[in-house]
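The values are calculated or read from the model by the stated rules, or taken from the named source; none is laboratory data. Source: prediction; values computed, not measured. We place every Cβ from the backbone using ideal geometry, glycine too, and count neighbours over all the protein chains shown. The protein model used for the area step is the full one, side chains on, heavy atoms only, and it has no ligands, DNA or RNA in it. Shrake-Rupley method; radii C 1.70, N 1.55, O 1.52, S 1.80 Å.
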Amino acid sequence: MQTQLQPNIIFTNSSSKELKRIAEKVVNNMRIKEEECLFLFEKAELGFLGTLANIVREQKNGNNTYFNRNFHIEPTNICINHCKFCSYRRRVGQEGSWEYSIEDIENIVKKYVNKPVTEVHIVGGVHPKRDLYYYGDMIKKIKSILPNIHVKAFTAAELDFMIKKSGLTIKQGLIKLKEFGLDSIPGGGAEIFDETIRKEICPDKTSSQQWLKIHETAHSLNILSNATILYGHIENYSHRINHMSRLRTLQDKTHGFNSFIPLKFRRENNEMSYLSEVSVIEDLRNYAISRIYLDNFNHIKAYWPMIGKDITQLSLSFGVDDIDGTIDDTTKIYSMAGAQEQNPTLSVNEIVKLIKDTNRIPVERDTLYNTIKKY
Ligand code: V47
């Protein structure tokens, strides 16, 4: 019989038998249950969670810390939905709204000719007039300028609308988009799957069930994707766990998620500004528990423009192994919500230094986590 590892060393601050029992499961690669996850959220202190999450992180990814060279395109902030946490959406013609033409997009993309970017991340509002064929042409144009770029585009909420508007089923729509050049799908639009909270914070958004169906269908077509959670608003720990459980179940079935990205609710300029933001301790605890609970996700990503460089560095000791990319000041969603980085740009040298300063190994990756270069 195999001897179970006894992680006594991590019990300097906690003598709880239950925490010890859960820790033994985690270090022995056993999946923890929802109620055990709740126990961690409610009872475990930060150092304990960091140590456990770090064990999982190092079992999966060693010291490697991934990043890529990417830029964003946000084709429009005009949106039919009324998500209360969103600081970015505008109505048609409203002050502060934008809708890029295909020519505008071409001009953005042309700036990256002969530059070593590998990914464009396209995400925006759900525009009432734009269908799948509009966005398909956009992808084709982008690839005619940058033939080797990986197009990671459209949240499930945008996909749901554009595909229905074009009179197609989700499967037909995704097949068409793949033919146009879509390579993978970002994790946005997931918010919180719990239906009561979802109704409260984003009443008219694509349902949780539909979000999951779109990702499941994409995976079946070999279009891989990411998953997010929007945390730190009116949800409680059970809602976060329920959200991760639904993702863990789907990942068991498809293995199509590349990474999980916890997104901290930011409160500026939106209808939920009456809430305060959660603390950095809560951010780190949440990263760590995500790493521990989502045993079938290879990567946990900290999105640095959202939380800032310092917390990103800290997160690397709490289960995170990926910090997204160079960005090149091409996204407004988070700066408009009061995120740390108002003009997010990091050069490769800066990212490499940021990672090396934590004694981790910087690894430049492509979107699908193939290694491009170790630094
Ligand atoms: O779904 C919007 C979030 C998401 C706020 O796949 C907010 O690699 C906090 O999904 N406070 C879209 N969050 C962005 C997204 C994403 C980001 C980075 C990487 C990837 C990836 C995906 O942004 C939305 C929503 O959850 N968001 N407003 C806000 N006030």
Can you find a residue in segment 345-357 that is modelled with pLDDT under 95 and at positive phi? no
Out of everything in segment 255-276 that is within 15 Å of the ligand (Cβ to nearest atom) and either polar (S, T, N, Q) or at positive phi (or both), what residue ends up being surrounded by the fewest Cβ atoms within 10 Å (Cβ to Cβ)? Ser276
Tell me, which residue of segment 67-103 that is part of a strand (DSSP E or B) and within 19 Å of the chain's Cα centre (by Cα) is farthest from Val123 (Cα to Cα)? Phe67
Taking segment 70-97 as the search range and keeping residues that are open to solvent by 40 Å² or more (accessible area, probe 1.4 Å) and among the hydrophobic types (A, V, I, L, M, F, W, C), which one is nearest to the ligand (Cβ to nearest atom)? Ile80
Selection within segment 174-219 - within 13 Å of the ligand (Cβ to nearest atom), in contact with a Lys or Arg (Cβ under 8 Å, 6 or more places away or on another chain), assigned to a loop (DSSP other than H, G, I, E, B) and among the small types (Gly, Ala, Ser): Gly189
Turns out the strands (runs of 3 or more DSSP E) fully within segment 267-375 with at least 3 residues that are over 27 Å from Val126 (Cα atoms) are 361-365, 371-374
Cβ-Cβ under 6 Å pairs, at least 6 apart or on other chains, segment 151-179 side among the polar types (S, T, N, Q), far side assigned to a helix (DSSP H, G or I) and open to solvent by less than 10 Å² (accessible area, probe 1.4 Å): Ser166/Leu132
Pick from segment 245-254, criterion open to solvent by 20 Å² or more (accessible area, probe 1.4 Å) and under 16 Å from the mean Cα position of the chain (by Cα), ranking: nearest to the ligand (Cβ to nearest atom): Arg246
For the subset of segment 220-233 comprising residues that are touching a strand residue (DSSP E or B) at 6+ places or on another chain (Cβ under 7 Å) and more than 16 Å from Arg248 (Cα to Cα), which member is nearest to the ligand (Cβ to nearest atom)? Leu230
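One line per residue, one yes/no per condition, for (1) over 21 Å from Leu49 (Cα atoms); (2) open to solvent by 10 Å² or more (accessible area, probe 1.4 Å); (3) in contact (Cβ under 8 Å) with a residue 40 or more places away in the chain:
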| site | (1), (2), (3) |
| --- | --- |
| Val278 | no, yes, yes |
| Arg285 | no, yes, yes |
| Lys301 | no, no, yes |
| Ile323 | no, no, yes |
| Thr326 | yes, yes, yes |
| Met336 | yes, yes, yes |
| Gln340 | yes, yes, no |
| Thr345 | yes, yes, no |
Among the residues of segment 229-239, count how many are of a type outside the set (Asp, Glu), open to solvent by 10 Å² or more (accessible area, probe 1.4 Å) and touching a residue at least 24 places away in the same chain (Cβ under 8 Å). 6
Taking segment 121-161 only, how many residues are within 23 Å of Ser87 (Cβ to Cβ) and within 16 Å of the ligand (Cβ to nearest atom)? 17
Given segment 1-66, what helices (runs of 4 or more DSSP H) lie entirely inside it while holding 2 or more residues that are surrounded by fewer than 14 Cβ atoms within 10 Å (Cβ to Cβ) and either modelled with pLDDT under 95 or of a type in the set (A, V, I, L, M) (or both)? 17-27
